[in-house]
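Reading through the structure tokens given below for one structure.
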């Protein structure tokens, strides 16, 4: 239902670890008795010995190897960051504070959930939640600004097809990446019909919860922990954390953002995920924190059989040439993510239509593994990963590409991305060298003997 209800990516988990370590580092530095001093000045920004020590400890704790002297490498890295931040200030580049707050809210909620409570989090970090949030806001804001600055600097790097061909032809064979087996898949799916009696059973259950909360005989968060089928938020008593309207499905947001009394419970809300009741916790401008209880109708074996039989008829009509797969999608599919794209699935990790087998839902991967291009599968039941509920589906294997070295015919976008990355790196390197010459830089004498990656620091 929201981004909060999806699994965290590996990059998100890595950032979480970074921030956890970042927040505890000043204490570690203090325990080691580091005497602070200014060792570099870049523009009007100082780099402190404590900053360097914090970064060194972070790398050490994360198991990162630093090739060379960390007291040379780390100050240079910090100086480069300050060059970007200074240029961003000149160019009036700012982070979207709503996005910064959202990211920080997500991380704060995650910490509280993992550690157990706000009080335990403060005890763990030996800082107030306000101090933790302030430091996290700075780290996230700077990260976003630097990313935007780099994107602005390289936004005009757009190699032509001729550039890409020349680049590819200059690549040694062993530098050309091996491309894994990939497939393009079309899907037609819908949910089995839910009997009216089952829908009414769910609604009556939610009405009972509402009556218990508003009569004072039960706590909303306790009921959410016990009965909500949104397993992630249920662990937090149904709490979603602060979110913007755009992070919620429309039907849910329309009701949640109209709540004003934290003591009241909303009407029953139907979404693609099931049926909800909502309780307001707090509003902050354009963001809201609320609890919800989600119940989903039970789908019987008979309901699934009826859906499979319906899909079987559609599959036979496609095989007999009575209807094209694309036409059947428009007529029958309930998958809103693919219905306007002839059923073609889009890989959420890459934004392309290509999937490696492990990126597909297991039920789909199993179906297409032995299929040929153009084949349509028999009907099957699968778990919709977004809705977390069962749907019935058929799939068509549109295209299959075996393991191969990247080539211009099948992998043009991959090669284009390689060239864009190369050109962007070269541009950024030249920009840093130029920026060094035009920026006031002062390095303490005892820190000048380093073998820097960019030698222009000492004017």
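The tail of the calculated P(r) for the range 247-358, taken as Cα-Cα distances beyond 18 Å, holds 68 percent of the pairs. Note on residue 444 and residue 98: the model spin-label points, each 7 Å out from Cα along the C-beta direction, lie 4.4 nm apart.
Wrap a convex hull around the Cα atoms of the range 196-295, take a quarter of its surface area, and give that in square nanometres.
For the range 196-295, the mean projected area of the Cα convex hull comes to 5.9 nm².
Measuring r between the beta carbons of residue 421 and residue 91 and using R0 = 22 Å, the FRET efficiency lands at 0.45.
Projecting label points 7 angstrom from Cα along Cα→Cβ for residue 251 and residue 270 puts them 0.6 nm apart.
For the chain, the longest principal axis of the alpha carbon atoms and the long axis of helix 70-90 meet at an angle near 70°. In terms of other Cβ atoms within 10 Å, 458, 428, 318 run from fewest to most in the order 458, 428, 318.
Axis of helix 196-215 versus longest Cα principal axis of the chain: the two differ by about 60°, to the nearest ten degrees.
Between helix 49-62 and the chain there is an angle of about 40 degrees, using the helix long axis and the longest principal axis of the Cα atoms.
DSSP finds beta bridges in the chain, and of those with both partners inside it, around 100 percent are antiparallel.
Each eigenvalue of the Cα gyration tensor of the range 371-446, multiplied by 5 and square-rooted, gives one semi-axis; in descending order these are 51, 22, 9 Å.
Classification of the range 69-120 by its C-alpha gyration tensor yields an oblate form. The axis ratio a/c (a ≥ b ≥ c) is 1.5 or more, and b/c is at least a/b. Placing dummy labels 7 Å off each Cα toward the beta-carbon, the span from residue 409 to residue 322 is 3.8 nm. Which of the three applies to the range 295-404, rounded, prolate or oblate, going by the alpha-carbon gyration tensor with a ≥ b ≥ c and a/c under 1.5 meaning rounded? Oblate is the answer for the range 295-404, as a/c is 1.5 or above yet b/c matches or exceeds a/b. Note on residue 211 and residue 124: with the Förster distance fixed at 25 Å, the Cβ-Cβ geometry gives a FRET efficiency of about 0.05. Using only the C-alpha atoms, the convex hull of the chain corresponds to 191 Å³ per residue. Taking other C-beta atoms within 10 Å as the exposure proxy, 112, 157 rank 157, 112 from fewest upward.
Along its three principal directions, the equivalent ellipsoid of the range 138-186 from the Cα gyration tensor extends over semi-axes of 31, 20, 13 Å, largest first. Take every pair of alpha-carbon atoms less than 8 Å apart whose residues are at least six positions apart; their mean separation over the length of the range 306-410 yields a relative contact order of 23 percent.
Every number in this text was worked out from the coordinates using simple rules, so none of it is lab data. Since the model is a prediction, treat every value here as computed from it, not as a measurement. Here Cβ is always computed from backbone atoms with ideal geometry, including for glycine, and neighbour counts include all displayed protein chains.
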